[in-house]
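Inspection log for the structure reproduced underneath, given as structure tokens.
The values are calculated or read from the model by the stated rules, or taken from the named source; none is laboratory data. Source: prediction; values computed, not measured. Counting neighbours? That spans all protein chains shown, and the Cβs are built from the backbone with ideal geometry, glycine included.
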Amino acid sequence: MAVRPIVVWPDSRLREPTKAIAEITDEVRSLYRDLVDTMYAYEGVGIAAIQIGVPLKMFLVDARVAGQAEGTDPLAFINPEVVGLSGSRQRMDEGCLSFPGIYVPIERPGHAHLRAMGLDGKIFEAEGDELYGRCMQHEFDHLSGKLMVDFVGPLKKRMIKKRLEKAAADDHVHDDNCHHDHA
Ligand code: ZN
């Protein structure tokens, strides 16, 4: 229903504790629509509610990434929990809507198994490898305030901060809207 502004690191709202969603209300459905619109507007393949400043336990994964048909609505994960992480660890560049233009190589288990509530109120399980497994882990991290910069050393963290500050200042001057990140 609306594209909402993305909360960009180091905004402290990204570290806020998130609350469980008790039931699927119209408000939750409306939040879902806003997340869909925002994720597509910024060309992401995943988004967590906290990234638009709503500290609730909910994230979305693009349908194609989740192995569903193109044109299917993004998959909603509400109150998710990790059932298990397995497989050999893989290192891959990750992006994040809250770190526009930044990519960081992050090592994670290759396979993720999560349990969550869907938008229909039913509990489902999701298992995925490669991009899907990685995307679920990345979005799940957001719900506990864990971010890409928590995987890097202090020097790299400072570099990322500088680059984001510079990009924000440039954006201000040119209103240059270039977002091409994935989660
Ligand atoms: Zn992210």
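Summary table
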| read-out | value |
| --- | --- |
| Any hit, region 34-47, residues being closer than 19 Å to ILE102 by Cα and among the charged types (D, E, K, R) | yes |
| First in region 116-136 and on the phi > 0 side of the Ramachandran plot and surrounded by fewer than 15 Cβ atoms within 10 Å (Cβ to Cβ), second anywhere and of a type outside the set (Lys, Arg) and at pLDDT 95 or above, Cβ under 6 Å, 6 or more apart | GLY121/ILE24 |
| Tally of residues being touching a residue at least 60 places away in the same chain (Cβ under 8 Å) and surrounded by 16 or more Cβ atoms within 10 Å (Cβ to Cβ) across region 16-41 | 5 |
| Output for region 42-57, where each listed residue is aliphatic (A, V, I, L, M) and near the ligand (Cβ under 8 Å from one of its atoms) | ILE47, ALA48 |
| Answer residue from region 65-93, given it is within 14 Å of the ligand (Cβ to nearest atom) and under 19 Å from TYR32 (Cβ atoms) and is farthest from the chain's Cα centre (by Cα) among those | VAL65 |
| Flag if GLY133 is within 26 Å of LEU35 (Cβ to Cβ), at pLDDT 85 or above and not hydrophobic (A, V, I, L, M, F, W, C) | yes |
| Residues (farther than 19 Å from PHE59 by Cα, touching a residue at least 12 places away in the same chain (Cβ under 8 Å) and either in a helix (DSSP H, G or I) or touching a Ser or Thr at 6+ places or on another chain (Cβ under 7 Å) (or both)) located in region 141-172 | VAL149, PHE151, LYS156, ILE160, LYS161, ARG163, LEU164, ALA167, ALA168 |
| Scope region 42-98; condition among the hydroxyl-bearing types (Ser, Thr, Tyr) and crowded, with 24+ Cβ neighbours inside 10 Å; matching residues | SER98 |
| Strands (runs of 3 or more DSSP E) within region 1-95 that include 3 or more residues among the hydrophobic types (A, V, I, L, M, F, W, C) | 58-61, 75-94 |
| Unmet requirement for ALA167, which otherwise passes all of (1) modelled with pLDDT of 95 or more; (2) more than 13 Å from the ligand (Cβ to nearest atom) | (1) |
| Test result for GLY145, in contact with a Phe, Trp or Tyr (Cβ under 7 Å, 6 or more places away or on another chain), within 13 Å of the ligand (Cβ to nearest atom) and within 23 Å of TYR32 (Cβ to Cβ) | no |
| Within region 94-128, considering residues that are among the charged types (D, E, K, R) and more than 15 Å from the chain's Cα centre (by Cα), the one nearest to the ligand (Cβ to nearest atom) | ARG108 |
